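Report on the following structure.
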Amino acid sequence: MTILLLEDDELLGECARLGLVQRGFLVVWVADIRSARAALQENTCECVLLDLGLPDGDGMDFLRQLRKSGNDIPVIIITARYALEERIRGLEYGADDYVAKPYSLDELAARIRAVVRRREGRASNLLDLGVQLDPTKGTASRDGEPVELSAIEFRLLRYFMEHAGKIQSREKLLQAICGDDTELVTSNLLDVHIHHLRKKIGSERIKTVRG
């Protein structure tokens with residue numbers, strides 16, 4: 001799952017990015033509203049983590065404009081503003097959740113999964129398309145039997161299952177498993193990982209569309 005993190009504090013942003021990556025997320029981290037708008041156009045993000053005090057504007061205005069444009073991506077406000085009025089205003093502007101700083105990364109990860117799950121109309125985190133995958137536990141199974149996956153295979157399978165039925169480009173798949181560090185996995189190695197994944201879950205489950 002790819003998260004857009006909009007946080008201008010360098011230390012907090014880096015800690016949040018590292019913590020969420022360790023918990024299985026891919027994170028696109030930007031420090032201002034202008035970069036956030038560009039990131040949403042360039043990346044397939046499932047959730048936005050939004051700080052309010054930003055160098056080029058107020059996060060509330062960004063949220064309101066996002067909703068006015070028809071973008072319904074889940075948004076979790078993360079801020080040190082504790083006033084009840086601020087929390088109410090954020091929710092009324094279209095935020096899905098509100099987390100006050102300092103926060104627990106485990107709780108934040110759970111809240112991200114919860115808002116995305118609700119938006120997708122799912123009752124649990126478990127993904128089941130003949131193969132069962134539990135992103136929370138990091139486990140996969142097929143016909144009741146555990147399937148041992150490498151970290152990259154797990155990310156690939158999760159991405160395929162979260163976007164079932166949709167054609168994905170090589171670029172999107174590379175970003176899904178490596179984030180911005182796509183040089184870590186070359187296009188040829190991507191083919192190798194998909195080959196191994198097919199052997200483990202059934203070759204018919206992943207189809208290649210040429211061109």
Among residues of region 24-56 being buried (at least 19 other Cβ atoms within 10 Å of the Cβ) and among the charged types (D, E, K, R), the residue farthest from Ile112 (Cα to Cα) is Asp51
Assuming Gly94 fulfils every condition listed in (1) farther than 21 Å from Cys15 by Cα; (2) touching a Ser or Thr at 6+ places or on another chain (Cβ under 9 Å) apart from one, which condition is it?
-> (2)
How many residues are closer than 17 Å to Ala16 by Cβ and out of contact with any Leu (no Cβ under 9 Å at 6 or more places or on another chain) when one looks only at region 53-77?
-> 2
Criterion (exposed (fewer than 14 other Cβ atoms within 10 Å of the Cβ), touching a residue at least 12 places away in the same chain (Cβ under 8 Å) and out of contact with any His (no Cβ under 9 Å at 6 or more places or on another chain)) met by exactly one of Tyr93, Tyr82 | Tyr82
Collect the residues in region 130-144 that are closer than 23 Å to Leu108 by Cα and out of contact with any strand residue (DSSP E or B) (no Cβ under 6 Å at 6 or more places or on another chain), keeping them in residue-number order.
-> Asp134, Pro135, Thr136, Lys137, Gly138, Thr139
The listed residue being at pLDDT 85 or above, assigned to a helix (DSSP H, G or I) and under 23 Å from the mean Cα position of the chain (by Cα), out of Leu174, Leu190 = Leu190
From (1) modelled with pLDDT under 85; (2) part of a loop (DSSP other than H, G, I, E, B); (3) under 29 Å from Asp72 (Cβ atoms), pick out the condition that doesn't hold for Ile167.
-> (1)
Can you give me the number of residues within region 20-34 that are touching an Asp or Glu at 6+ places or on another chain (Cβ under 9 Å) and part of a helix (DSSP H, G or I)?
-> 2
Any idea how many residues of region 133-152 are under 16 Å from the mean Cα position of the chain (by Cα) and of a type outside the set (A, V, I, L, M)?
-> 4
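The values are calculated or read from the model by the stated rules, or taken from the named source; none is laboratory data. Computed from a predicted structure; not experimentally measured. Note that each Cβ is placed from the backbone with ideal geometry, even for glycine, and that neighbours are counted across all protein chains shown.
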